[in-house]
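As structure tokens, the structure follows; a few thoughts come after it.
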Amino acid sequence: MIRPAELIQRKRDGEELPPDELAELVLGYSRGEVPDYQMAAFCMAVYFRGLSRAETFALTDAMIRSGETIDLRAALGRKVVDKHSTGGVGDKTSLAVGPIVAACGVPLGKMSGRGLGHTGGTLDKLESIPGYRTELTLDEYVAQVRDVGVAIIGQTGDLVPADKLLYGLRDVTATVDELSLIAASIMSKKLAAGAQAIVLDVKVGDGAFMKTLDDARRLAETMIALGESAGREVVCLLTDMDQPLGAAVGNALEVREALATVRGAGPADFTELVLDACAKLLALSDLGIDETEGRRRAEAAVVDGSAEAAWRRWIEAQGGTADESALPAAPLVREVPAPRAGHVVSLSAVGVGLAAVHLGAGRRTKDDVIDHAVGIVVRAKRGDRVEEGQVLAAIHARTEEQAADAIAEVLAAYELGAEARPAGPVLLEVVR
């Protein structure tokens, strides 16, 4: 029988824990035998001391063993793909990638999480769609991937329950951005959910958990190793999160933007990332094509409308209303004018993300209720030229007071200068 306090002390002091003891701590927490306050202390010890490669593998394996697992290849007789992001501001990529890949004839099954800190959660975005069911039974999940071609759901109580508990705990104990905890959380879900090929989008920069390319590479390499140990193919995209992705930040606003992108009318940077991810997923699939052909097919699915048709099938299959007019809208929209002329030198992703959280689009505590209607739409991004009084962003708010506060926060997130600087690419590097 392990003593949690002893393990916390040993990890606090920098000791490497044996895999069986670390596993028993995690499994005990999932059974309710280890209280939140002890697991929070353990996460803080890990935050400062980190985990070795062996400990990270043990943590991931224990979280998988805390529940059931799915073998989608056996269930469908097909190679199923998955896509996941480490979280960013305005990152609604999965919402567009899923139906495009499905329209190309490749099944995509994905289990997602909720927002952590200033980063948006895929489930929170999807729950802004009236009627959308994020909770399916495992049988319903498998059947929908088979029959519809795409399903995006929350973690069921049967799959990696230990991670589901830890996910919420880390958000409110300032232990989110630790490499090993991030890697184990992501890969436990991916491996338990049963996809054979996975594209991981590792965000880098101001609004990401990984602030530097070196840290992002380390995270990518750790997740690839975890995937390979389980016999999965994993490709990591290292992508820019020094500014929000696309224009919309906030749940219903991001759903609208994802649908616009599926229709071929999305922001250029967001569209580019979506098509990059689709090309790599299609190349990893059982279609037997390379990335160039994958990109061509993804673009064709957008142009001919089959991607939008797949979007509608997917949303309706999970009980949602596919008509975007049913999405909630904030009662107030207020503009943020540029205080002077100049070029956008930078736009802080975390600044915009926190402004959205303060509007109610994200959580400050584990039990906060999301306001799906509110958020921010940025109109000017890095490299753009603006004139005095030109609209930098639009605030979608519930009250005038909230709108005024958000205007001040968004203005503070912008840096305007006399010299133009190139916007730079969204995709920074690919790690295989």
- prompt: Just wondering, is there one or more residues in segment 329-347 that are more than 23 Å from residue 268 (Cβ to Cβ), hydroxyl-bearing (Ser, Thr, Tyr) and out of contact with any Cys (no Cβ under 8 Å at 6 or more places or on another chain)?
  reply: no
query: Which residue out of 218, 256 is basic (Lys, Arg) and under 25 Å from residue 182 (Cα atoms)?
result: 218
field: Residues (among the acidic types (Asp, Glu) and within 30 Å of the chain's Cα centre (by Cα)) located in segment 17-32
entry: 24
message: I'd like to verify a number: residues in segment 250-272 that are of a type in the set (A, V, I, L, M, F, W, C) and within 17 Å of residue 426 (Cα to Cα), how many?
response: 3
- prompt: Under 6 Å by Cβ, and 6 or more places apart or on different chains, what pairs join a residue from segment 1-19 that is exposed (fewer than 13 other Cβ atoms within 10 Å of the Cβ) with one that is not acidic (Asp, Glu)?
  reply: 14/49
statement: Apart from one, (1) touching a Leu at 6+ places or on another chain (Cβ under 7 Å); (2) in the same structural domain as residue 189 (by TED's automatic domain parsing); (3) of a type in the set (Gly, Ala, Ser); (4) in a helix (DSSP H, G or I) all hold for residue 58; the odd one out is (2)
- prompt: Within segment 135-155, restricting attention to residues that are touching a residue at least 24 places away in the same chain (Cβ under 8 Å) and outside any helix (DSSP H, G or I), which residue is farthest from residue 325 (Cα to Cα)?
  reply: 155
- prompt: Taking segment 161-179 only, how many residues are within 19 Å of residue 226 (Cβ to Cβ), aliphatic (A, V, I, L, M) and either modelled with pLDDT under 85 or part of a loop (DSSP other than H, G, I, E, B) (or both)?
  reply: 1
field: Residue that is surrounded by the most Cβ atoms within 10 Å (Cβ to Cβ), among those in segment 222-251 that are part of a strand (DSSP E or B) and among the β-branched types (Val, Ile, Thr)
entry: 249
task: Using the structure shown, decide if residue 79 is of a type in the set (Lys, Arg), surrounded by 20 or more Cβ atoms within 10 Å (Cβ to Cβ) and within 30 Å of residue 143 (Cα to Cα).
output: no
- line: Restricting attention to segment 90-136, the residues that are modelled with pLDDT of 95 or more, basic (Lys, Arg) and within 18 Å of residue 149 (Cβ to Cβ) number exactly 1
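The values are calculated or read from the model by the stated rules, or taken from the named source; none is laboratory data. Not measured: the values here are computed from a predicted model. Note: ideal-geometry Cβ built from the backbone for every residue, glycine included; neighbour counts use all protein chains shown.
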